[in-house]
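Structure first, then comments.
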Amino acid sequence: MTERGFTLTRILDAPRELVYQAWTDPEQLQWFLSDLPQVPRPINVDLRPGGAWTLNMVVGDDDEYTTGGVYLELDPPARLSFVWGAHGGWPSLDDGLVATVTLVDRGPQTEMTFHLAVPAGVQTHPAMQQGWTDTINRLLARFALQR
Amino acid sequence: MNDALTTTFAALADPTRRAMLARLSEGEATVTELAEPFTISLPAISRHLKVLESAGLITRSRTAQWRPCRIDTTRLAEIDSWMAPYREFFGERFDRLDKHLQTMKEQQ
């Protein structure tokens, strides 16, 4: 199965330990919410492989849903990974999107690499009724259209 | 939702059409050449080609009775844009993470 995904890299002006805490401390996860005004609701974190973290995301008037992830790996302060998704929102936890966060010391700063892996066949776009196929991947690769 | 993207995906949703595009990625071909690997009728082949053409995935020359079809990669390039919402989502979150970390450091 061909995997799709993307990677985002950031240099964060803080040591790894602080960045790891920001990802896993329920008191600190507010940054994961959107910039829209949020209703204060408790953020829950069950910090173990197989454990879930959840927060309520407000996306519009009267429109909110629960999102977060289910942890796969926890390796402080270097790495964590989780299945990312929402209940009744986008994307669905059932789609199996896997987020991996890798933290590397860069002096007093941290290089954070975030990779999101999207399984082939996942209807990531509402219009993709048939999902992705190797043929399309080959087409894109042939014309160097894949990033 | 991006209408062009929806049309592109609809065109790609059929395995016969995907196979035709794969053939055209190797070079232009006539309708007869494209029909060759399939057991379906020529009118059916024609319908598939119309869908691909409407979606902007192929262009067809009309200068001769045998009309060579050629792949057009413009729409294919846009397919990668399905990832854009995810990238934006996390890009925005990491801006907030950045600000949050500054606040945490100031408090220490």
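Taken over the range A:29-65, the residue count meeting the criterion of being touching a Leu at 6+ places or on another chain (Cβ under 9 Å) and under 15 Å from B:F94 (Cα atoms) is 5. Considering only residues of the range A:17-44 that are more than 9 Å from every other protein chain (Cβ to nearest Cβ), surrounded by fewer than 20 Cβ atoms within 10 Å (Cβ to Cβ) and at pLDDT 90 or above, which is nearest to the chain's Cα centre (by Cα)? Ranking the candidates gives A:T24 first. Determine, yes or no, whether A:E64 is more than 25 Å from B:E106 (Cβ to Cβ) and touching a Ser or Thr at 6+ places or on another chain (Cβ under 8 Å). When the stated conditions are applied, A:E64 does not pass them.
In the set A:V83, A:V58, only one residue is under 13 Å from the mean Cα position of the chain (by Cα) and among the β-branched types (V, I, T); that residue is A:V83.
Okay, residues lined up against (1) under 11 Å from the mean Cα position of the chain (by Cα); (2) of a type in the set (S, T, N, Q); (3) more than 25 Å from B:A4 (Cβ to Cβ):
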position: B:R18; (1), (2), (3): yes, no, no
position: B:T30; (1), (2), (3): no, yes, yes
position: B:L34; (1), (2), (3): no, no, no
position: B:F38; (1), (2), (3): no, no, yes
position: B:R47; (1), (2), (3): no, no, no
position: B:K50; (1), (2), (3): no, no, no
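Filtered by the rule that a residue be under 16 Å from A:T100 (Cβ atoms) and polar (S, T, N, Q), the range A:8-36 gives A:T9, A:T24.
Taking the range B:1-51, which residues are among the acidic types (D, E) and within 17 Å of B:W66 (Cβ to Cβ)? Those that are among the acidic types (D, E) and within 17 Å of B:W66 (Cβ to Cβ): B:E28, B:E33, B:E36. Looking only at residues in the range A:108-118 that are over 18 Å from A:L74 (Cβ atoms) and in contact with a Pro (Cβ under 9 Å, 6 or more places away or on another chain), the one that is nearest to the other protein chains (Cβ to nearest Cβ) is A:V118.
Residue count for the range A:16-57, restricted to those that are assigned to a loop (DSSP other than H, G, I, E, B) and closer than 14 Å to B:L97 by Cβ: 5. Against the test of being assigned to a strand (DSSP E or B) and either at pLDDT below 95 or within 12 Å of chain B (Cβ to nearest Cβ) (or both), the options A:T102, A:T66, A:T2 yield a single qualifying residue, A:T66.
The values are calculated or read from the model by the stated rules, or taken from the named source; none is laboratory data. As the structure is a computational prediction, the values presented were derived from the model and not from experiment. For neighbour counting, all protein chains shown are included, and Cβ atoms are generated from backbone atoms with ideal geometry for every residue, glycine included.
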